[in-house]
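Engineer: One structure is given below, represented as structure tokens, and several questions about it will come after.
The values are calculated or read from the model by the stated rules, or taken from the named source; none is laboratory data. Being a predicted model, the structure only gives us computed values, none of them experimental. Backbone-built Cβ (ideal geometry, glycine too); neighbour counts: all protein chains shown.
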């Protein structure tokens, strides 16, 4: 490994990294009536045609999650802060050297217990885009790769209603606050679509998703459809937004929606009490809602929607007209979206 990228493994070996995030999330797992068990030590050893599992992997926090057959699997915990897990410390060479051993250990666990374990969990404070690109390769051979981060766990503890803002109705934060208040009410929020209405409730807001330059990008509002339990990615723009910012809304929203689609099992696990939760159905596709105040939908949005749905005919995207109506935000269909 490159000298500069050896820092993480050196700190890990010297036991200088914090396990706080791993402990917090593991405690949550147990609270959901699931069990965490140590990996049997004999599975790390050389036997038959199997090589010894490398110390590059075994020095991480490894365990097995049990208790619901659809959610059982290998847990790989990465100690450290977000700075410890940055690409300056955890480089591609290290990730390459633990990628196959993780898959090897996963199969050894299945053989040892004589049953399928459909999941591999990664736990850490925050993972870089380089990290995620490497480990999403496991999606090709493992049914579910579930990324549980400290960032996402903290967001799952947000109050259901967005923080009260003192800013006026010309600010986007005011619109977000009003929509969150309606979605977290007992009645929920009726969102008009091209085919009818979505009856939506809120899960959280400012949800960390796609990797940004310094911090994660954030999804404005995370909700779910009460009727069919599909997750909703609700992105908004305020009334004072400029043309360029508005046009950028679509591409940003698609990126956040795709992140949510890829991570919906992690979202269910943390926001819906895991297997016990009844609000989210991970078999349903994530729906995307774009809300803004303009009088009509930009022509560019129609073109973009047409293009992205060519390759995914089940992708559901709706545009919603936001209206400031005497201190409240109301929603309606756009006249040019019928």
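Engineer: Going through the stretch 297-317 one residue at a time, which ones are part of a loop (DSSP other than H, G, I, E, B) and within 19 Å of residue 335 (Cβ to Cβ)? Walk me through it before giving the result.
Structural biologist: The first filter runs over the stretch 297-317 and keeps only residues part of a loop (DSSP other than H, G, I, E, B), leaving 297-298, 311-315.
Answer for the stretch 297-317, where residues must be part of a loop (DSSP other than H, G, I, E, B) and within 19 Å of residue 335 (Cβ to Cβ): 297, 298.
Engineer: Now a separate question. Looking only at helices (runs of 4 or more DSSP H) that fall completely inside the stretch 117-196, which ones have 3 or more residues that are within 18 Å of residue 320 (Cβ to Cβ)? Can you show your working first?
Structural biologist: Working: elements: 129-135, 150-156, 172-183.
Fully inside the stretch 117-196 and qualifying: 172-183.
Engineer: Could you list all residues from the stretch 86-99 that are in contact (Cβ under 8 Å) with a residue 40 or more places away in the chain, farther than 11 Å from residue 130 by Cα and either buried (at least 17 other Cβ atoms within 10 Å of the Cβ) or within 22 Å of the chain's Cα centre (by Cα) (or both)?
Structural biologist: Result: 89, 94, 98.
Engineer: Please work out if residue 211 is assigned to a helix (DSSP H, G or I) and either surrounded by fewer than 21 Cβ atoms within 10 Å (Cβ to Cβ) or modelled with pLDDT under 90 (or both). Show your work before the answer.
Structural biologist: Working: assigned to a helix (DSSP H, G or I): no; either surrounded by fewer than 21 Cβ atoms within 10 Å (Cβ to Cβ) or modelled with pLDDT under 90 (or both): yes.
Criteria not met by residue 211.
Engineer: Yes or no: the stretch 27-40 includes at least one residue that is in a loop (DSSP other than H, G, I, E, B), under 19 Å from residue 151 (Cα atoms) and under 26 Å from the mean Cα position of the chain (by Cα).
Structural biologist: Step one: filter the stretch 27-40 for residues in a loop (DSSP other than H, G, I, E, B), giving 32-34, 39-40.
Pick out the ones that are also under 19 Å from residue 151 (Cα atoms) and you get none.
Checking the stretch 27-40: not a single residue is in a loop (DSSP other than H, G, I, E, B), under 19 Å from residue 151 (Cα atoms) and under 26 Å from the mean Cα position of the chain (by Cα).
Engineer: Turning to a different aspect of this structure: Identify the single condition in (1) out of contact with any helix residue (DSSP H, G or I) (no Cβ under 9 Å at 6 or more places or on another chain); (2) surrounded by fewer than 23 Cβ atoms within 10 Å (Cβ to Cβ) that residue 257 does not satisfy, given that it satisfies every other one.
Structural biologist: Against the list (1) out of contact with any helix residue (DSSP H, G or I) (no Cβ under 9 Å at 6 or more places or on another chain); (2) surrounded by fewer than 23 Cβ atoms within 10 Å (Cβ to Cβ), residue 257 comes up short only on (2).
Engineer: Here's something else I'd like to know. Anything in the stretch 10-35 that is touching a helix residue (DSSP H, G or I) at 6+ places or on another chain (Cβ under 6 Å) and more than 16 Å from residue 126 (Cα to Cα)? List them, or say none.
Structural biologist: 32
Engineer: From (1) surrounded by 14 or more Cβ atoms within 10 Å (Cβ to Cβ); (2) touching a residue at least 40 places away in the same chain (Cβ under 8 Å); (3) within 25 Å of residue 104 (Cα to Cα), pick out the condition that doesn't hold for residue 21.
Structural biologist: Going through (1) surrounded by 14 or more Cβ atoms within 10 Å (Cβ to Cβ); (2) touching a residue at least 40 places away in the same chain (Cβ under 8 Å); (3) within 25 Å of residue 104 (Cα to Cα) one by one, residue 21 breaks only (3).
Engineer: Let me ask another. Just to be sure, is residue 55 out of contact with any helix residue (DSSP H, G or I) (no Cβ under 7 Å at 6 or more places or on another chain) and at pLDDT 95 or above? Walk me through it before giving the result.
Structural biologist: Working: out of contact with any helix residue (DSSP H, G or I) (no Cβ under 7 Å at 6 or more places or on another chain): yes; at pLDDT 95 or above: no.
For residue 55, the condition - out of contact with any helix residue (DSSP H, G or I) (no Cβ under 7 Å at 6 or more places or on another chain) and at pLDDT 95 or above - is not met.
Engineer: Looking at 279, 257, which one is assigned to a helix (DSSP H, G or I), assigned by TED's automatic domain parsing to the domain that holds residue 177 and in contact with a strand residue (DSSP E or B) (Cβ under 8 Å, 6 or more places away or on another chain)?
Structural biologist: Numbers: 279 fails: assigned to a helix (DSSP H, G or I).
Only one candidate qualifies: 257.
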